[in-house]
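The values are calculated or read from the model by the stated rules, or taken from the named source; none is laboratory data. All values reported here derive from a predicted model rather than from experimental measurement. As a convention, Cβ positions derive from the backbone with ideal geometry for all residues, glycine included, and neighbour counts pool all protein chains shown. For accessibility, only protein heavy atoms count, side chains too; no ligands or nucleic acids. Shrake-Rupley method; radii C 1.70, N 1.55, O 1.52, S 1.80 Å.
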Amino acid sequence: MKPEQVLAENENMFAHQGVTLRKGSIAAFMLSARDMKDTSLSDADREAAKKDLLGLIPGLRQLGVFETFEVRDPEIRALVEHMGG
């Protein structure tokens with residue numbers, strides 16, 4: 001499947017089984033995970049990244065990301081599992 005078959009160029013989000021998914025959700029999850037682990041960031045910035053990551057989990061779960069890809073980082077895997085894994 002090609003990206004444009006899922007989401008047209010001029011669209012930013014779509015609903016799938018009652019969950020709204022935004023374009024860029026996977027990239028946002030990856031960047032939030034990176035920021036959560038970055039000890040050069042402030043505690044507040046790492047906590048904000050964690051909050052963002054937690055907000056993305058339901059949509060990515062609905063999409064089947066965690067059935068296809070294993071989260072190898074123990075802390076982030078625990079968050080994914082806690083959110084319904």
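Figures for the structure shown
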{"read-out": "Qualifying residue in region 8-23 (condition: part of a helix (DSSP H, G or I) and not small (Gly, Ala, Ser))", "value": "no"}
{"read-out": "Residues (farther than 20 Å from Leu21 by Cβ, under 14 Å from the mean Cα position of the chain (by Cα) and part of a helix (DSSP H, G or I)) located in region 64-77", "value": "Arg77"}
{"read-out": "Complete set of residues in region 64-77 that are farther than 21 Å from Ala15 by Cα and open to solvent by 50 Å² or more (accessible area, probe 1.4 Å)", "value": "Phe69, Glu70, Arg72, Pro74, Glu75, Arg77"}
{"read-out": "Count of region 1-33 residues which are in contact (Cβ under 8 Å) with a residue 12 or more places away in the chain and of a type in the set (D, E, K, R)", "value": "3"}
{"read-out": "Selection count where residues are of a type in the set (Ser, Thr, Tyr) and either open to solvent by 60 Å² or more (accessible area, probe 1.4 Å) or over 10 Å from the mean Cα position of the chain (by Cα) (or both), scope region 15-63", "value": "4"}
